[in-house]
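Asks: Handing you a structure now.
The values are calculated or read from the model by the stated rules, or taken from the named source; none is laboratory data. Note that this is a predicted model, so its numbers are computed, not measured. Cβ placement follows ideal geometry from the backbone for every residue including glycine, while neighbour counts extend to all protein chains displayed.
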Amino acid sequence: MEKTLTVTELTTYIKQLVDSDMLLSNVWITGEISNYKLHTSGHMYFSLKDQGAVIKCVMFRTQNSRLRFRPEEGMRVLARGYVSVYPQGGAYQLYVDAMQPDGTGALYMAYEQLKKKLEAQGIFDASRKKKIPLLPQAIGVITSPTGAVIRDIIHVLNRRYPNTRVFIYGAAVQGAEAALQLANGIRYFNKVKNVDVIILARGGGSLEDLWPFNDEDLAIAISKSEIPIISAVGHETDFSISDFAADLRAPTPSAAAELVIPEKKALKEILTTNEKRLFNCLTFGLKKERDRLERLQNARCMQKPLEMINQKRQSLDVVERNLILHGRARLDRTKTSLKTVIAKLNALSPLTVLSRGYGVIENEDGKLVNSVKGLKPGDKLVITMSDGKLSTVCDKILKAGGE
């Protein structure tokens, strides 16, 4: 018997097949919107149809919040997304990531392709961005010399910082020659180097009107510029390739004029505040050092600088006197000890005994004679006395007791 699948197993298998298909993971579809519904959650549910087929679509709130138009029933659109199976409904559908009216679909696809290409080349890298100077001495503006944009920019600059030096490079901002003229303007300012920052500006318009700012050569010229560039193209919701390549994007040309230079009044207020802070810091520092100097001047060592020296001299005299006294006392004690030792030595000295009338008797061999034993008459003897020696001969032996 062949294996039987449950509905869930079959649907899961189909979903896996669809999800693993590379073509269906990122696909562009053109069709007409039908059954459009904007749910209270913010998600969009609709179908795309043509003469031969219909596909259900869903565009979640996160993605549709970036749309620059309002989808309507019967509108032809170009949608990009991935195809997957919704198991609970048992149907495949398109999960839409981006969508444009079909009239601009080809341009939008070209825009996305160029954006990916330049991004891969590192043209949009944050590390390439140059810092906008805080207070530029001169500002270059590349835009139409006759449009409302340049008037708005000059008006804002004069209001924020009067007498700002502005150099205008007139260029077409629409049409076939616009991109080349805009790029030439960037190259011109980099050649003459008479400005500190460049504003690349144009007012709002359709995707076709703004298309010169999606030019590859213009983006490369922006990235190679040694002078920082602010891109101010269209309205706040308009994003061009120039915006990504520039060092800073401004939502509108007027906003670019506000970003490029600080308001003179506000700058003066900041300088005044900093000046006060600096003055207060210096005043406090000077007062602190002045008080410290005053304390040093009033210190006793400064008032009577010799007093401490004299005190040390007096202390030194006391120490010297004590050393002498202690030295003398110790010397006296040593003398007394020496006298005692000398007396003891003298008392034990044979010379002292001899001085009292005693003598030391030696035989002719120089041996001490301390007994009559061993002597005989006729032995020669030497008697040592306190003041000399004498030689004698034993005449007679008399033992103790008169024997």
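Asks: GLU119 - would you say it is assigned to a helix (DSSP H, G or I) and closer than 29 Å to ASN214 by Cα?
Replies: Yes.
Asks: Another question, then. Just to be sure, is ILE227 under 22 Å from GLN137 (Cβ atoms), surrounded by 18 or more Cβ atoms within 10 Å (Cβ to Cβ) and modelled with pLDDT under 90?
Replies: Details: under 22 Å from GLN137 (Cβ atoms): yes; surrounded by 18 or more Cβ atoms within 10 Å (Cβ to Cβ): yes; modelled with pLDDT under 90: no.
Criteria not met by ILE227.
Asks: Within segment 1-113, considering only helices (runs of 4 or more DSSP H) that don't extend past its boundaries, which have at least 1 residues that are polar (S, T, N, Q) and within 29 Å of GLU236 (Cβ to Cβ)?
Replies: Fully inside segment 1-113 and qualifying: 61-64.
Asks: Now a separate question. Restricting segment 339-353 to residues that are in a helix (DSSP H, G or I) and polar (S, T, N, Q), which is nearest to LYS389 (Cα to Cα)?
Replies: Checking each candidate, the answer is THR352.
Asks: Out of SER127, SER144, report the one residue that is of a type outside the set (D, E, K, R), surrounded by fewer than 17 Cβ atoms within 10 Å (Cβ to Cβ), under 24 Å from PRO228 (Cα atoms) and outside the structural domain of MET22 (by TED's automatic domain parsing).
Replies: SER127
Asks: Which condition from (1) farther than 17 Å from ALA250 by Cβ; (2) more than 38 Å from the chain's Cα centre (by Cα) is the one that ASN194 breaks?
Replies: The single condition ASN194 does not satisfy is (2).
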